[in-house]
Amino acid sequence: MAITPETRDYRTFEVRALPQEGGDGQKQCRVEGYAAVFDEETVLYEYDGIQYKEVIDRNAFSGAEMRDVVMNFNHGGKPVARTKNGTLSLTVDTKGLHIAADLGGTEEGRRLYEEIRGGYIDRMSFAFTVNKQEYDRAKRLRRITGFRRIFDVAAVDIPAYDGTSIAARSWAAAEAAHEHAEADKRRKLALKLKINGITKEET
């Protein structure tokens, strides 16, 4: 299957601007945040009062492809930072995947920095594909144990893929639909058996 924006997952976390400092008279436009936090359950989707959750394992980034990750705005437009040229760094620490970026290299980046500093933008989303996962059906909890690739990190104005948003539903909604379809089949079978006077023991 081809990897396209439609086949990637997105999650949203916070981003903040660091104070501008620079002894040479030039402003530094640095921002930082976490693209992922370990061992914290996030509700991705809720259907009929049932919550479907996700948690990221501490080893999920081991072996993930992160050699060329860009930072942009709303997952589109020109990159404002990039791991390739050292203006974007991704570091796995005890909390999660930490992101630090210097947005001073482009006009778009400097403008984005001012918007983050002013509080107009305070969310960061990242795009990824999953390599390994575990699912606890009883708890309806998916544990991501391995990311395949991190594509980009993006400062976002309206977090369409926020943790509790219905838009963050690619995996969770599919699982919910599957469970409800199976439950519906069982109900129909039980009704059919009842109508025909067949007890469960007889089946």
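The values are calculated or read from the model by the stated rules, or taken from the named source; none is laboratory data. Predicted, not measured: the structure shown is a model, and the values here were computed from it. Using ideal geometry, Cβ is built from the backbone for each residue, glycine included, and neighbour counts are taken over all protein chains shown. Ligands, DNA and RNA are excluded from the accessible area calculation, which covers all protein heavy atoms including side chains. Shrake-Rupley method; radii C 1.70, N 1.55, O 1.52, S 1.80 Å.
What number of residues in the range 92-104 are touching a Ser or Thr at 6+ places or on another chain (Cβ under 6 Å) and open to solvent by 30 Å² or more (accessible area, probe 1.4 Å)?
Total satisfying the criteria: 2.
Collect the residues in the range 116-133 that are open to solvent by less than 70 Å² (accessible area, probe 1.4 Å) and either without any contact (Cβ under 8 Å) to a residue 24 or more places away in the chain or in a loop (DSSP other than H, G, I, E, B) (or both), keeping them in residue-number order. Don't jump to the end; show me each part of the working.
Keep residues of the range 116-133 that are open to solvent by less than 70 Å² (accessible area, probe 1.4 Å), which gives 116, 118-119, 121, 123-130.
Answer for the range 116-133, where residues must be open to solvent by less than 70 Å² (accessible area, probe 1.4 Å) and either without any contact (Cβ under 8 Å) to a residue 24 or more places away in the chain or in a loop (DSSP other than H, G, I, E, B) (or both): Gly118, Gly119, Ile121.
Testing Asp68 on (1) touching a helix residue (DSSP H, G or I) at 6+ places or on another chain (Cβ under 6 Å); (2) buried (at least 20 other Cβ atoms within 10 Å of the Cβ), one condition comes back false. Which one is that?
The single condition Asp68 does not satisfy is (2).
Just one of (1) open to solvent by less than 70 Å² (accessible area, probe 1.4 Å); (2) touching a strand residue (DSSP E or B) at 6+ places or on another chain (Cβ under 9 Å); (3) modelled with pLDDT under 90 trips up Ala174, so point out which.
(2)
Take the residues of the range 76-91 that are open to solvent by less than 50 Å² (accessible area, probe 1.4 Å) and not small (Gly, Ala, Ser): which is nearest to Arg140 (Cα to Cα)?
Only one residue tops the list, namely Leu90.
Quick check: is even one residue across the range 13-21 at pLDDT below 85, within 18 Å of the chain's Cα centre (by Cα) and open to solvent by less than 20 Å² (accessible area, probe 1.4 Å)?
Within the range 13-21 (the criterion being at pLDDT below 85, within 18 Å of the chain's Cα centre (by Cα) and open to solvent by less than 20 Å² (accessible area, probe 1.4 Å)), the answer is yes, since at least one residue qualifies.
Pick from Tyr135, Tyr120: which is at negative phi and modelled with pLDDT of 90 or more?
Result: Tyr135 is the single residue among Tyr135, Tyr120 that is at negative phi and modelled with pLDDT of 90 or more.
Of the conditions (1) modelled with pLDDT of 80 or more; (2) closer than 20 Å to Asn72 by Cα; (3) of a type outside the set (A, V, I, L, M), Pro159 fails just one. Which one is it?
Unmet for Pro159, out of (1) modelled with pLDDT of 80 or more; (2) closer than 20 Å to Asn72 by Cα; (3) of a type outside the set (A, V, I, L, M): (1).
Which of the residues spanning the range 22-62 are open to solvent by less than 80 Å² (accessible area, probe 1.4 Å), among the small types (Gly, Ala, Ser) and modelled with pLDDT of 90 or more?
Once the filter is applied, which keeps residues that are open to solvent by less than 80 Å² (accessible area, probe 1.4 Å), among the small types (Gly, Ala, Ser) and modelled with pLDDT of 90 or more, the range 22-62 yields only Ala60.
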